[in-house]
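Nothing in this text is a laboratory measurement; each read-out follows from the coordinates by a stated rule. If you're wondering where the values come from, they're calculated on a predicted model, not measured in any experiment.
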Amino acid sequence: MDFLTLIMNLTVVIKKEGKWYTAWAAELDIVSQGNTVEEAIKNVREAVELYLEDEDIEYETEEMIIYPMSIEPKGKKVKKHDAPTPSG
């Protein structure tokens, strides 16, 4: 019997929250965290893999639209942060 390898492309949103980086795998609604961006990605990958080990889970592909939106708050001063970028 031949088997196919399933490769899933997931959207991971990373956000700095205090001293931690949180990583959210949007399509599966799984969240993890880490001290660095790289650690948060590693941890959310592990959480997704553990979640998908359950043989009863059916993965349904849904189209997600990621729309970056910029808003300039009127009369507000906003502190500028540099976005972290994962290495590698």
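Some notes on this structure:
- Rg/Rg_globular for the stretch 12-52, with Rg_globular taken as 2.2 N^0.38 Å and Rg from C-alpha atoms: 1.02
- Taking amide H as placed 1.01 Å from N in the peptide plane, Ile30 has its amide H under 5 Å from the amide H of Ala25, each at least 5 places away in sequence or on another chain.
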